Amino acid sequence: MAAFEFRALDKKGREEKGIMEADSLRQVRQNLREKGWAPLSVKSSSKKSSPGAFSFFTIYLKTSLSFSERAMLIRQLATLIAAGLPVEEALLAISKQGARPAIQSLLLNVRSRVMEGFSLANAMSDYPRAFPSLHRATVAAGESAGHLDLVLARLADYTETQQASISKVKQALVYPVILFTLTLAILGGLLGYVVPDIVEVFAESDQELPWLTVAVISTSDFVVEWGLLVLLSFLVAVLAIFRLFRSQEIQMSFDKRILVLPVLGKLSRSTNTSQFASTLSILTSSGVPLVEAMRISSEVLSNLWLRSLVVEATNKVSEGSSLHSALDKSGNFPPMMLHMIASGEASGELDQMLSRVAHHQQEDATMILNVLVSLFGPLMLVFMGAAVFTIVMAILLPIINLNQLVL
């Protein structure tokens, strides 16, 4: 059975939309008529749209899952399969949990593939944006070993941990972003509206203005005349930089230089090694061969330079080298991580050591990020206070000088 999207008029003439499982378009129309509804349109939910910007955007939304949606879906699937439900029934039950129509359609299509005889991992491979290679490889390993419920539970723990880390970062950035936006708005309002009105008062007095007042007036004139153009130029420059970074050579060179920086380099290295170690841990503990696990784990690295080093290490491991020696030759991985991996290889507990490495590196990254965020707020307050104080002094100095002349 396949999933079909329909539009129909109910008995009261109201338009209804939904998704229905059936063997064909004709069966969907027949089921709708049996309910007393008049079908308007019926189409397969897995049917590909015609090319174009809008259709591409629509397809992307329909075949993508957010981090929180993926975490909840994996957890629900693990719980239901552990309770003894077959995979197809578990997928059907999850699709009825009030999820948005795009997720419901996706799950029903995956269920259709499973009912056709495909494995769950193969069915997930039709939606690579919704189920990354990590999830597909882990599910495939669980199906092969016959422990899909345990593997899914471990995968759910991993996904929820990643979601919690991302949520902490987003929450930590809320206050600095609001403060930065507020600072720009206040300065723009003062320079664009307050200062020009006061300049008219000073112009009528014909007195010589202090250099600070002249500087602020010049800045105000620049903001009024060229502020919008500067803002548009800034947006164009940002878009150009993003477009420039689509080149892998440029991005790899940039990522390599970041690792040399004192604070940002350690943050980037800790974040990427944590993601790599945690992904490699869950794959190896699920029964995925080490070389294949390293290949999949390299894809989660956001730093392209580190990713290229992991690819080289993967080739060396496939040739018979140990994991810690292959990573050590790159010279870009923390020594503690290498020692713990070597200990894990010697004791046969590589997956557990990788999990500890991931936890340790994540703590380092979180500590650095918390320090940066905690410093950003006070620095923005100091900057905003200094800017407002400068503008106020630029306004008060001519008034003070005028009073001295009168006296």
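The values are calculated or read from the model by the stated rules, or taken from the named source; none is laboratory data. Nothing here was measured: the structure is a model prediction, and the numbers come from that model. Every residue, glycine as well, gets a Cβ built from its backbone with ideal geometry; the counts of neighbours run over all protein chains shown.
A few points about this structure:
- Of all residues making up the range 236-275, the number that are under 21 Å from E160 (Cβ atoms) and in contact with a Lys or Arg (Cβ under 9 Å, 6 or more places away or on another chain): 1
- Test: R129 is among the charged types (D, E, K, R) and in a helix (DSSP H, G or I): no
- Test for Q352: is it surrounded by 21 or more Cβ atoms within 10 Å (Cβ to Cβ), modelled with pLDDT under 90, assigned to a helix (DSSP H, G or I) and of a type outside the set (S, T, Y): no
- Residue match in the range 73-93 (condition: modelled with pLDDT of 80 or more, more than 22 Å from M20 (Cα to Cα) and not in a helix (DSSP H, G or I)): yes
- Qualifying position, being closer than 13 Å to M294 by Cβ, among the hydroxyl-bearing types (S, T, Y), out of contact with any strand residue (DSSP E or B) (no Cβ under 9 Å at 6 or more places or on another chain) and surrounded by fewer than 19 Cβ atoms within 10 Å (Cβ to Cβ), among S321, S347, S325: S321
- Hits in the range 133-181 - residues which are polar (S, T, N, Q) and over 28 Å from V288 (Cβ atoms): Q171, T181
- Residue in the range 108-119 that is modelled with pLDDT of 75 or more, under 26 Å from L148 (Cα atoms), assigned to a loop (DSSP other than H, G, I, E, B) and in contact with an Asp or Glu (Cβ under 6 Å, 6 or more places away or on another chain) present: yes
- The residue list S278, S268 contains one member that is within 18 Å of S298 (Cβ to Cβ), surrounded by 20 or more Cβ atoms within 10 Å (Cβ to Cβ) and in contact with an Asp or Glu (Cβ under 8 Å, 6 or more places away or on another chain), which is S268.
- Pairs, first among the acidic types (D, E) in the range 150-166, second part of a helix (DSSP H, G or I), C-beta under 8 Å, six or more apart: E160/A71; E160/R75
- For the range 286-323, a residue qualifies if it is part of a helix (DSSP H, G or I) and acidic (D, E), and the qualifying residues are E292, E312.
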